[in-house]
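Student: Dropping the structure in here first, questions after.
The values are calculated or read from the model by the stated rules, or taken from the named source; none is laboratory data. It should be emphasised that the depicted structure is a prediction, and the values quoted were computed from it without experimental measurement. Neighbour counts are summed over all protein chains in view; Cβ atoms, including those assigned to glycine, are modelled from backbone coordinates with ideal geometry.
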């Protein structure tokens, strides 16, 4: 019998998926499950994007240019210019979701055996893409106790070897909601410029920054033109995760021309998704104001509720729509499974993502969970009550 | 300055793209260019697929399951069952085009440094995907003189090393139109079973088989259940290349469960594309009969016309909509460029794909071109006249 690849064997299963069979069983038993585990927002897709799909009038659904429709690229460049980011449409390429943007960035910048430094906890799929590119992840641990603050540059330098090719950040961060300050990005600039590294910044949650804070893109940090690469996506911005359209942006022309060669191999990004994405550029700013206000009120309900539970610690996120909470349990993986299998409050329970899957270092974050605040406030309030009741009776509680 | 990856440097530029700047210049000068270089059919997408898109009524465009909508997978399984291929929906996974199906198959079966044997000339992007997976292509050359017949098994065995993990075929073939007989597939079965290899078969042109010939899938060859993997796509079948939906199919459960891990990392295939794909399953058989009749008549016009030109040899393809033609020129790359830059017949010229990009062995196929018969008969007739006139005056002619 032929043998599967070692790459395939070492690919991790997604931490937000491995509990799915338990959730399905719980639902079959008639339990209602509140999904705090996934980043699928309930916010409506802008009408202008859906209309463009309804009005599609071509008779043949053709390939687009491998870099995406030119009109869409020009529109995207304007979107960045309006944010004060000085790029032209030749500096970007449309991709099949932020996922493919990351894959192209990794393939263009790193070879098998090369190393990438990523502050942890980080978006779990960074592991999967690194494995499929043959790249080794070197995590730099941030701590819930100081709100996941960026470690000192000296800590980064301890990890740098001749094989280090890039630093990857997510800003604002999934799963922590951490927002990098301009000063932190300048510190990162100093280290990547000094060591000739790429700085890959996943900025798909750019619009979700709260409390009057500013978002700073790596593309607007001076002196980073040759090093900075932005990963972007329409998924969360317009609540249309299913269209699978993102982009990769860099002022480094070799990076974009190299990424284009990988893009040509897969022919083109999805036509319908690009049509929705291009139309969505016309979304009114009032849409984002409403969405942002909604997330802030959800976040406040969640964070206050969580921190009011005995033994729970949850720093207040400044962006995105996730929070990492530390629970008074010895093993959040087991707790999350127990919530689905063995617990309910009036026939209802919650599904959370154990945080261990967001750390690359073994045995860190094992008493933490990631909670996505993509449900309405009432559901979040109920979820908090369920969590509180569960922790009181959970056999593995360490209260 | 940070350095690009070696992988990125060695990625080939697509052979059908490198002449694009010359075509654009020709058009700017007012020349009409007949595009025989790309496989973008002019056939209409089935109305039933476009209607499903127009009728999309969800308010949020959500992620689908990473393996694709279950209803679509069940529909796809029925499509295969109707072809006499005995699979269930758990044996397949929806992908972002046939491209991603191939990427997942390579990642699941081969590690960096492993080898894959591919009969050449082959679809040029197999090179790109192999490079991005770190896999080495070992070409086995087929000859235009015997119509690209599959080489003897002994020739395959000469290429097999401890690093060989798979054989990849395209059936019917792009760029040759070659159709494998059942006996040839059984010969391939014997070699892959004997040496514990995977047999990956790209069958995206399955519906385009002419002259009463039967298409045989590797999935219907006895004794291949653990070895056979099919790459499939909706792009050509329904002339909707832009939806980016394909699938990977195998009765080897480990292959599918491994591919699913790569699929989870990229979250989901495109929602709109899947909606079009699922609706397209209801396409009437009369659609395919009409399309097939159209391609047969185009092929006949093209092949007869080409072989009537002095010094041109072009075997008659049994499937797909491409042909490889040998021309009386010393370098088809230069000839193709000259056609765009320096030649016209009454203000018109043709764009062809030099075949060298479809060979992995250097210096083979340099007097060959790939011609896609995706234009209507009148355009093909005009194109043949242009080619004939061009060959008469081309300075690099070897007539």
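Student: Filter region A:77-99 down to the residues that are within 14 Å of chain B (Cβ to nearest Cβ) and over 18 Å from residue A:275 (Cβ atoms), then identify the one that is surrounded by the most Cβ atoms within 10 Å (Cβ to Cβ).
Tutor: Ranking the qualifying residues of region A:77-99, first place goes to A:98.
Student: Here is a check on your reading of the model: is residue A:61 at pLDDT 95 or above, within 23 Å of the chain's Cα centre (by Cα) and under 16 Å from residue A:273 (Cβ atoms)?
Tutor: Against the criterion (at pLDDT 95 or above, within 23 Å of the chain's Cα centre (by Cα) and under 16 Å from residue A:273 (Cβ atoms)), residue A:61 does not qualify.
Student: Looking at this structure, is residue B:55 surrounded by fewer than 16 Cβ atoms within 10 Å (Cβ to Cβ) and farther than 16 Å from residue B:273 by Cα?
Tutor: When the stated conditions are applied, residue B:55 does not pass them.
Student: Could you list, in sequence order, all residues of region B:17-41 that are part of a loop (DSSP other than H, G, I, E, B) and touching a helix residue (DSSP H, G or I) at 6+ places or on another chain (Cβ under 9 Å)?
Tutor: B:17, B:18, B:19, B:31, B:36, B:37, B:39, B:40, B:41, listed by residue number.
Student: Next question. Those residues that are crowded, with 21+ Cβ neighbours inside 10 Å and assigned to a helix (DSSP H, G or I), I need them from region A:333-353; list them, please.
Tutor: Within region A:333-353, A:335, A:336, A:339, A:340 qualify.
Student: If you go through region B:154-174, how many residues are loosely packed, with under 14 Cβ neighbours inside 10 Å and farther than 17 Å from residue B:114 by Cβ?
Tutor: Residues in region B:154-174 being loosely packed, with under 14 Cβ neighbours inside 10 Å and farther than 17 Å from residue B:114 by Cβ: 3 in total.
One line per residue, one yes/no per condition, for (1) modelled with pLDDT under 95; (2) under 30 Å from residue B:390 (Cα atoms); (3) surrounded by fewer than 24 Cβ atoms within 10 Å (Cβ to Cβ):
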| site | (1), (2), (3) |
| --- | --- |
| B:254 | no, no, yes |
| B:258 | no, no, yes |
| B:278 | no, no, yes |
| B:282 | no, no, yes |
| B:302 | no, yes, no |
| B:310 | no, yes, yes |
| B:327 | no, yes, no |
| B:331 | no, yes, yes |
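Student: Where in region A:50-166 are there helices (runs of 4 or more DSSP H), lying fully within it, with 1 or more residues that are at positive phi?
Tutor: Result: A:97-109.
Student: Among the numbered criteria (1) in a helix (DSSP H, G or I); (2) within 14 Å of chain B (Cβ to nearest Cβ), which single criterion is violated by residue A:174?
Tutor: (1)
Student: Next question, about the same structure. Return the pairs, sorted by first residue and then second, in which the second residue is in a loop (DSSP other than H, G, I, E, B) and at pLDDT 90 or above, the first residue lies in region A:1-28 and is more than 21 Å from residue A:324 (Cα to Cα) and at the interface with chain B (Cβ under 10 Å from one of its Cβ atoms), the beta carbons are less than 6 Å apart, and the residues are 6+ apart or on different chains.
Tutor: Matching pairs, first to second residue: A:1/B:226; A:2/B:196; A:2/B:197; A:2/B:227; A:5/B:110; A:5/B:111; A:6/B:111; A:7/B:111.
Student: Restricting to region B:112-136, count the residues that are more than 22 Å from residue B:157 (Cα to Cα) and either in contact (Cβ under 8 Å) with a residue 60 or more places away in the chain or more than 12 Å from chain A (Cβ to nearest Cβ) (or both).
Tutor: Residues that pass the stated criteria total 7.
Student: Something else about it: Give, as residue ranges, the helices (runs of 4 or more DSSP H) completely inside region A:180-296 that count at least 2 residues that are away from chain B (no Cβ under 14 Å) and over 18 Å from the mean Cα position of the chain (by Cα).
Tutor: Because the criterion is at least 2 residues that are away from chain B (no Cβ under 14 Å) and over 18 Å from the mean Cα position of the chain (by Cα), the helices (runs of 4 or more DSSP H) in region A:180-296 that meet it are A:182-195.
Student: Something else: Only one of these is modelled with pLDDT under 95, in the same structural domain as residue A:106 (by TED's automatic domain parsing) and either crowded, with 22+ Cβ neighbours inside 10 Å or out of contact with any strand residue (DSSP E or B) (no Cβ under 7 Å at 6 or more places or on another chain) (or both): A:132, A:143. Name it. Outline the logic, then answer.
Tutor: Working: A:143 fails: modelled with pLDDT under 95.
Matching residue, one of A:132, A:143: A:132.
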